[in-house]
Every structure is written in structure tokens, then in C-alpha cells.
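*Asks:* Right, I'll just put the structure down here and ask away after.
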Amino acid sequence: MAEAIKTGIKTDDRKKVAHELSKMLADSFAVYAKTHGYHWNVRGPEFFQLHTLLEQQYREMWEALDEIAERIRALGEYAPQGQSAFANLTSIKEGKPETEAMDMLKELMRDHEAVIATARAGIEVSDGAGDEATTDLLTQRLAAHEKAAWMLRSTLGGR
């Protein structure tokens, strides 16, 4: 029999927080995969700049995936794994390799904005549960996705 988890967070709250983190993990993985695919398939006169930008972004997200999954495990829940599990938790659509470069950036910007909303919802739940560690992790992820969206928006010529 497994030992009880005694972290000062109620069992029901840990489950709710872990569920929010699972959505964050699924969204993050979907954006990671799309960004990596677009990195491979981007083309056009700004190829090198965009190829490099997308590589920086997917590498940053790759590192974060492990942190999110490990936090779910620290809360005593299993981290989702596999495409079908992630598909049930995310609204992010797969990218298409034939997408034009600027459309790739627009899609990714919107996807980061969706992950920002997921992070904010998770922060609300983790805050309410008194789970400072998850709130901190989600706040860091929020900032990273806001920066990624800003970089894409600026590359597109927006504010």
C-alpha cells in the first residue's frame, strides 16, 4: 500500500490542480509539436530568421513539458501521455506542413494565447488550493507563453 501524500493540500484539491496541469501539459505539447513541425517546414525569404525563432521556441517548450509532468506526479496523479490522451485535453489543432510562413506564425500566436488562458485558469485553481509550487510553475509558463506570443506578433508586424 502506498504512503499517504502529506503536502498540506487536500486530496480533492490536488486532483483538481493536477487536472489543470494535465490540460497545460496537453496544450504545451500540442504547441511544441506544431512549432517543431513548422520549424521543419517553414520556407520563404525570411526562412533562416523564422527557422531560428521557431527552434528557440520549441526548445524552451520541450524543457517545460518535463517540469509540468513532474509536478503532476508530485501531486500524486499520473501525467497524461500519448496523442489520444493529449487530444482529449487540448483544443490546439495540428499544423499543416504546407501552411504559408506568415500563417504559421499567426496560428502559433493564437495557440500561445490559448495556452495563456489555460495557464491563467490553472493559476486560479492552484491559488485557491493553496498550492504555491504549482502557482509558481504556471506563472513561469504564463510568462514564457506571453513572451512567445509577443515575439510572433512582433514578427508579424503587430504590437
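*Asks:* Do the sum for the chain: with -39,500 (n - 2.57) for every DSSP H run of n ≥ 4, divided by all residues, what is the mean residue ellipticity at 222 nm, to the nearest 500 deg cm²/dmol?
*Replies:* So the calculated ellipticity at 222 nm is -25500 deg cm²/dmol.
*Asks:* Picking from 57, 83, 9, whose Cα lies most toward the positive end of the charge dipole for the chain (charges on Cβ: Lys, Arg +1; Asp, Glu -1)?
*Replies:* 83
*Asks:* What's the angle, to the nearest 10 degrees (0 to 90), between helix 132-155's Cα axis and the longest principal axis of the chain?
*Replies:* 10
*Asks:* Additional query: For the range 32-47, what does the Karplus curve 6.51 cos²θ - 1.76 cosθ + 1.60, with θ = phi - 60°, yield as ³J(HN,Hα) per residue in whole Hz, taken in order and with x for Gly and Pro?
*Replies:* 4, 4, 5, 4, 5, x, 5, 4, 5, 10, 5, 8, x, x, 9, 3
*Asks:* Given the peptides 69-81, 19-31, arrange them by the average over their residues of other C-beta atoms within 10 Å, most packed first.
*Replies:* Ranked by mean Cβ neighbours within 10 Å, highest first: 19-31, 69-81.
*Asks:* When you count, for each residue, the other Cβ atoms within 10 Å and take the mean per peptide, how do 120-127, 149-156 rank with the highest first?
*Replies:* 120-127, 149-156
*Asks:* So how much slack lies between residue 11 and residue 147, counting 0.36 nm per residue of separation and subtracting their Cα-Cα distance, in nm?
*Replies:* My answer for the length gained is 45.6 nm.
*Asks:* Same structure again: Rounded, prolate or oblate: which fits the range 53-109 when a ≥ b ≥ c are the square roots of the eigenvalues of the alpha-carbon gyration tensor, with rounded for a/c under 1.5 and prolate only if a/b beats b/c?
*Replies:* Taking the square roots of the gyration eigenvalues as a ≥ b ≥ c, the range 53-109 is oblate.
*Asks:* Moving on to the next point. Against the longest principal axis of the chain, how steep is helix 101-128, in degrees 0 to 90 to the nearest 10, with axes from Cα atoms?
*Replies:* 20
*Asks:* Moving on to the next point. Given N residues in the chain, what is Rg(Cα) / (2.2 N^0.38 Å)?
*Replies:* The chain yields a ratio of 1.11.
Readers should treat all values here as calculations from the given coordinates under stated rules, not as data from a laboratory. All values derive from a computational prediction rather than experimental measurement. Note that each Cβ is placed from the backbone with ideal geometry, even for glycine, and that neighbours are counted across all protein chains shown.
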